[in-house]
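Written below as structure tokens is the structure these notes are about.
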């Protein structure tokens, strides 16, 4: 078992761990529990405009 073999094994392990991490992030992002949080975050840029419009109405 030479040095090259250890390097290849380490590369394989890092690749598999990276892929599993990616799959975990995708699963977390698309889970049903997160949809409300992401929907609220998607509307954040518009919240400032709504607040400014409400302030203008109140004078």
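All of the numbers you see were taken from the coordinates with simple rules; none came from a lab. Remember, it's a predicted structure, so these values are computed and weren't measured experimentally. Don't worry about glycine lacking a Cβ; one is built from the backbone with ideal geometry, like all the others, and counts go over all protein chains shown.
For labels at residue 47 and residue 23 in the simple 7 Å Cα→Cβ model, what's the distance in nm?
Between residue 47 and residue 23, the label points sit 3.5 nm apart.
Taking the simple approach of a point 7 Å from Cα along Cα-to-Cβ for both residue 32 and residue 12, what is their distance in nm?
3.9
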